[in-house]
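Please treat every number below as a calculation from the coordinates, not as lab data. These figures come from a predicted structure and were not determined experimentally. When we count neighbours, we look across all protein chains shown, and the Cβ atoms used for this are built from the backbone with ideal geometry, even at glycine.
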Amino acid sequence: MDNRKIEEYITKYNLKSSSRDRESVYMRAYLYAYLRSDSLMTYQQIGKMFNRNHATIIHALNRIHNRYWDGGDRVYIEYIQDVMNKFPLAGTKPKIDNSSYITVTLSPLEMKRLKVFKVINNCTYYEQAIKKLIEGCDIQL
């Protein structure tokens with residue numbers, strides 16, 4: 001692996017900035033994972049490349065890359081497509097669910113209200129609630 005290519009990419013897309021736009025955050029998280037797995041760089045070394053603290057690198061890997069990569073989040077995969085093609089992670093591919101689905105963002109309170117883990121007739125209450133919302137029916141939370 002050539003760090004100069006990564007440095008050029010970081011500079012080209014201004015990934016050292018403090019920008020929190022989704023594309024920059026996702027691209028940085030992917031590059032953290034790439035650098036960590038491909039070159040076995042330490043969190044501190046990766047942090048220096050991006051002007052970040054080592055804790056930021058750990059947080060991004062745990063909260064962003066692992067969650068969306070393993071969860072098959074299509075938005076994440078779309079945002080990192082360019083960087084993923086230039087710097088592929090060896091031996092791994094994102095797990096993408098090819099079935100049709102609806103992405104819904106809920107707050108922790110809403111998740112609690114929907115009782116995500118309560119299983120009713122082999123279908124979670126959450127899935128039933130979404131179906132009812134789609135059909136335009138009222139549901140009691």
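So the values come out like this:
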read-out: Packing rank of 31-37, 74-80, where each peptide gets the mean count of other beta carbons within 10 Å, highest leading; value: 31-37, 74-80
read-out: Inter-label distance, nm, simple model (7 Å from Cα along the C-beta direction), LYS5/LEU40; value: 2.0
read-out: Local net charge near LYS5, Cβ-Cβ under 12 Å (Lys/Arg +1, Asp/Glu -1); value: -1
read-out: For segment 2-12, 3J(HN,Hα) per residue [Karplus equation, 6.51 cos²θ - 1.76 cosθ + 1.60, θ = phi - 60°, Hz, x = Gly/Pro]; value: 9, 5, 5, 5, 5, 4, 4, 5, 4, 5, 4
read-out: Hz values of 3J(HN,Hα) by residue in segment 49-55 - Karplus curve (6.51, -1.76, 1.60), Gly and Pro given as x; value: 5, 10, 6, 10, 7, 4, 5
read-out: Net length gained if the chain between VAL75 and HIS59 were fully extended (0.36 nm per residue, minus Cα distance); value: 3.8 nm
